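K.L.:
Please read through the structure below; I'll follow up with questions.
The values are calculated or read from the model by the stated rules, or taken from the named source; none is laboratory data. Small disclaimer: the values here were computed from a predicted structure and weren't measured. Positions of Cβ are generated from backbone atoms using ideal geometry, with glycine treated the same way; all protein chains shown enter the neighbour counts. Each accessible area value is taken on the protein alone, full model and side chains, heavy atoms only, with ligands, DNA and RNA left out. Shrake-Rupley method; radii C 1.70, N 1.55, O 1.52, S 1.80 Å.
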Amino acid sequence: MKVKLSNAPRGCGKLLKRVADGAASFLGQPDCLSVTAAFVGADEIKSLNAAYRNVDKVTDVLSFPSIENDGHGVIVPSEHPFETDPKTGLLDIGDIFICHDVAKAQAKEYGHGIERETAFLFLHGLLHLLGYDHMTAIQEEEMTAAQESILSALDIQR
C-alpha cells in the first residue's frame, strides 16, 4: 500500500508503510491502494472535527474515506474507477489526520512510546477507511480484534 505523508515526524514513513502493508496483507486487501496520512496540530484537528463531525473538541485521529466499503470486505479496485489514478493505477481510499500533540500525550499516559501510539492511531484511521467502525458493541469488538491482531503480527506492542 502506498502511504503519502504530510507534515510527518522524522522517521515516521517507514513505520506507517509497515503498518499499512501489514494491515493490507492481514485483511487480504489489494496492493494497489493508497492513503494519505497528515500530521496536524490541536487547533487544526479541532477545526476538522467541528466542521465534519459537529464535535467542537480536539481528538486524536480523524479519517475521511474516499470510497464506500460497507462490511469491510476486500476492496475491488475496478469498482472504483474515478478514485483510481490512471497514471499509477493506485486507488485512493482516503485521508487520515493524526494530531501529533494528542499522540504524544496519549503515549505518555498509556506508558508506551510515540511510535507505538502513532502506529495505533494510523491503523485505527486506516481501518475506518477500509470500512470498520465502532458505533455498536459488535463493530467495536471486530475493530479492536483487527487492531490487536495486526499490531501483534507486526510486533508493535504497548
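K.L.:
Taking the residues in segment 45-65 that are more than 12 Å from HIS128 (Cβ to Cβ) and not in a helix (DSSP H, G or I) as candidates, determine which candidate is most open to solvent (accessible area, probe 1.4 Å).
P.N.:
ASN54
K.L.:
Of (1) in contact with a strand residue (DSSP E or B) (Cβ under 8 Å, 6 or more places away or on another chain); (2) farther than 21 Å from ALA146 by Cβ, ALA20 satisfies all except one. Which?
P.N.:
The one condition ALA20 does not meet is (2).
K.L.:
Just to be sure, is VAL55 closer than 22 Å to PHE39 by Cβ and within 15 Å of the chain's Cα centre (by Cα)?
P.N.:
no
K.L.:
Moving on to the next point. Looking only at segment 25-37, filter to residues that are modelled with pLDDT of 95 or more and either hydroxyl-bearing (Ser, Thr, Tyr) or surrounded by fewer than 20 Cβ atoms within 10 Å (Cβ to Cβ) (or both); which one of those is farthest from GLY73 (Cα to Cα)? Write out each step before concluding.
P.N.:
Residues of segment 25-37 modelled with pLDDT of 95 or more: 25-30, 32-37.
Pick out the ones that are also either hydroxyl-bearing (Ser, Thr, Tyr) or surrounded by fewer than 20 Cβ atoms within 10 Å (Cβ to Cβ) (or both) and you get 25-28, 30, 32, 34, 36.
Numbers: SER25: 13, PHE26: 12, LEU27: 8, GLY28: 9, PRO30: 11, CYS32: 15, SER34: 17, THR36: 20 Å.
So, considering only residues that are modelled with pLDDT of 95 or more and either hydroxyl-bearing (Ser, Thr, Tyr) or surrounded by fewer than 20 Cβ atoms within 10 Å (Cβ to Cβ) (or both), the one farthest from GLY73 (Cα to Cα) is THR36.
K.L.:
Between ASN49, ASN54, which is of a type in the set (S, T, N, Q) and within 25 Å of ALA146 (Cα to Cα)? Full working, then the answer.
P.N.:
On the way: ASN54 fails: within 25 Å of ALA146 (Cα to Cα).
Answer to the selection: ASN49.
Yes/no per residue for (1) without any contact (Cβ under 8 Å) to a residue 12 or more places away in the chain; (2) outside any helix (DSSP H, G or I):
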site	(1), (2)
VAL74	no, yes
SER78	yes, no
PHE82	yes, no
ASP95	no, yes
ASP101	no, no
GLY131	no, yes
ALA146	no, no
